[in-house]
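Report on the structure given below.
The values are calculated or read from the model by the stated rules, or taken from the named source; none is laboratory data. Note that the structure is predicted; figures quoted are calculated from it, not measured. Cβ atoms come from the backbone with ideal geometry, glycine included; neighbour counts cover every protein chain shown.
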Amino acid sequence: MPRNAFARLLTAACLCGFLIAAPARCPGADTYATPEEAAKDADFAVQGEYRGENRGIQIVALGDGKFSIVEFEGGLPGGGGNLASRKVTEGDTAKVKETVKGLDRVDRRSPSLGAKPPEGAIVLFDGTKESLDKNWKPGAKMTDDGLLTQGCTSKEGFQSYTFHVEFRLPYMPKARGQARGNSGYYIQGRYECQMLDSFGLEGLDNECGGIYSISKPDVNMCFPPLSWQSYDVDYTAAQFDDSGKKMKNSHVVVKHNGVVIHDRDLTKGTPGGPINGEIPGPGPVYFQDHGNPVRYRNIWIVPKS
């Protein structure tokens, strides 16, 4: 979601104490940036994914011992689950335990976690201060344990490329919607691929993996909060004539946790990034800051000739 619009909405909500639609907590409320911090909340150990024969269940923590129970026939999303069969109910810890009885808890892992940069890659961030200072504009920060923090823009701009990033969304059980672990990866500084805790949700264009205002992901592959996740992107830049008129749309293939969620043209730019709209020329890698502690690691890019 564009940062300015989000900020206005959230400020009004915090002043009034409510939202007309689904409530959203103000930043900082019940926010856990690491698994060690989240372990203080008993609900964190209950949330997660469960799988049995021809059945998959996602348990989403909602705070104060309440959970969303999301069921699929055939398995989990991206793992054999029938997305059309999605069924959502709510319940407490006792209901969750009864629902998942006899199922196996699974901790899925993206197959591209730890992927090594191929020949010709530019390593944008490898956990060192050297890579931070070399590749990111002033204001970019990293944690003491070597993770890049939200709100940073690459110094260099790029045209067509392949790209890899690993990201971790915070655990914010009492937050809702765009207030729940929000960031975004801007492709070429122009098109936002949402980063948001959308675990267990329907999978819309403003949820994790969505190209904001353009297209929802083909499947919601968001893992539970504080799991490491990955985007692997193959991007071909739009083509313009000498007058600056667009002649051909950009095209993107996005894999979220190893599953293709986009293979489509991008027909317009999205707001909120460092480049407004579609114009000729290169653009940076940008990770949006909505005030939530989103973390990134193992970031590299391979420009196409």
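Working only within region 194-245, note down all residues that are part of a strand (DSSP E or B) and either more than 11 Å from the chain's Cα centre (by Cα) or charged (D, E, K, R) (or both).
Those that are part of a strand (DSSP E or B) and either more than 11 Å from the chain's Cα centre (by Cα) or charged (D, E, K, R) (or both): Ser215, Asp232, Val233, Asp234, Tyr235, Thr236, Gln239, Phe240.
Does region 228-244 contain any residue that is over 21 Å from Gly157 (Cα atoms) and not hydroxyl-bearing (Ser, Thr, Tyr)?
Scanning region 228-244 turns up at least one residue that is over 21 Å from Gly157 (Cα atoms) and not hydroxyl-bearing (Ser, Thr, Tyr).
Among the candidates Lys155, Lys141, single out the residue that is touching a helix residue (DSSP H, G or I) at 6+ places or on another chain (Cβ under 7 Å), surrounded by fewer than 21 Cβ atoms within 10 Å (Cβ to Cβ) and in the same structural domain as Pro282 (by TED's automatic domain parsing).
The match here is Lys155.
Which residue, of Leu10, Leu19, is at pLDDT below 95, more than 21 Å from the chain's Cα centre (by Cα) and either crowded, with 16+ Cβ neighbours inside 10 Å or not assigned by TED's automatic domain parsing to the domain that holds Lys255 (or both)?
Testing whether each residue is at pLDDT below 95, more than 21 Å from the chain's Cα centre (by Cα) and either crowded, with 16+ Cβ neighbours inside 10 Å or not assigned by TED's automatic domain parsing to the domain that holds Lys255 (or both) leaves just Leu19.
Any chance region 27-45 includes a residue that's of a type outside the set (Asp, Glu), assigned to a strand (DSSP E or B) and at pLDDT 95 or above?
Yes, the conditions are met somewhere in region 27-45.
Sort out which residues of region 246-265 are part of a strand (DSSP E or B) and farther than 23 Å from Glu166 by Cβ, and write them in order of number.
Result: Lys246, Met247, Lys248, Ser250, His251, Arg264, Asp265.
If a residue must be surrounded by 21 or more Cβ atoms within 10 Å (Cβ to Cβ) and free of Cβ contacts under 8 Å to residues at least 60 places away in the same chain, how many such residues does region 63-73 contain?
2
Out of the residues in region 132-160 meeting the condition of being under 18 Å from the mean Cα position of the chain (by Cα) and outside any strand (DSSP E or B), tell me which one is farthest from Arg190 (Cα to Cα).
Out of the qualifying residues, it is Leu147.
Just a yes or no: is a residue in region 201-216 buried (at least 24 other Cβ atoms within 10 Å of the Cβ), among the charged types (D, E, K, R) and in contact with an Asp or Glu (Cβ under 7 Å, 6 or more places away or on another chain)?
Within region 201-216 (the criterion being buried (at least 24 other Cβ atoms within 10 Å of the Cβ), among the charged types (D, E, K, R) and in contact with an Asp or Glu (Cβ under 7 Å, 6 or more places away or on another chain)), the answer is no, since none of the residues qualifies.
Mind listing just one residue for me: the one in region 94-113 that is surrounded by 13 or more Cβ atoms within 10 Å (Cβ to Cβ) and within 22 Å of the chain's Cα centre (by Cα) and, of those, farthest from Tyr185 (Cα to Cα)?
For region 94-113, the residue satisfying everything is Val106.
Of everything in region 37-62, what is under 21 Å from the mean Cα position of the chain (by Cα) and either surrounded by fewer than 22 Cβ atoms within 10 Å (Cβ to Cβ) or not β-branched (Val, Ile, Thr) (or both)? Give them in sequence order.
Glu37, Ala38, Phe44, Gln47, Gly48, Glu49, Gln58, Ala61, Leu62 - these are the residues of region 37-62 that are under 21 Å from the mean Cα position of the chain (by Cα) and either surrounded by fewer than 22 Cβ atoms within 10 Å (Cβ to Cβ) or not β-branched (Val, Ile, Thr) (or both).
Is there a residue in region 269-291 that is modelled with pLDDT of 95 or more, closer than 30 Å to Asp41 by Cα and in contact with a helix residue (DSSP H, G or I) (Cβ under 6 Å, 6 or more places away or on another chain)?
no
Is there a residue in region 91-104 that is under 22 Å from Asp218 (Cα atoms) and either in contact with a Pro (Cβ under 6 Å, 6 or more places away or on another chain) or in contact (Cβ under 8 Å) with a residue 12 or more places away in the chain (or both)?
no
Any residue at all in region 74-81 that is touching a Phe, Trp or Tyr at 6+ places or on another chain (Cβ under 7 Å) and either under 18 Å from Met172 (Cα atoms) or in contact (Cβ under 8 Å) with a residue 12 or more places away in the chain (or both)?
yes
Being touching a residue at least 60 places away in the same chain (Cβ under 8 Å) and buried (at least 21 other Cβ atoms within 10 Å of the Cβ): is that true of Arg176 here?
No; evaluated as a whole, the condition is false for this residue.
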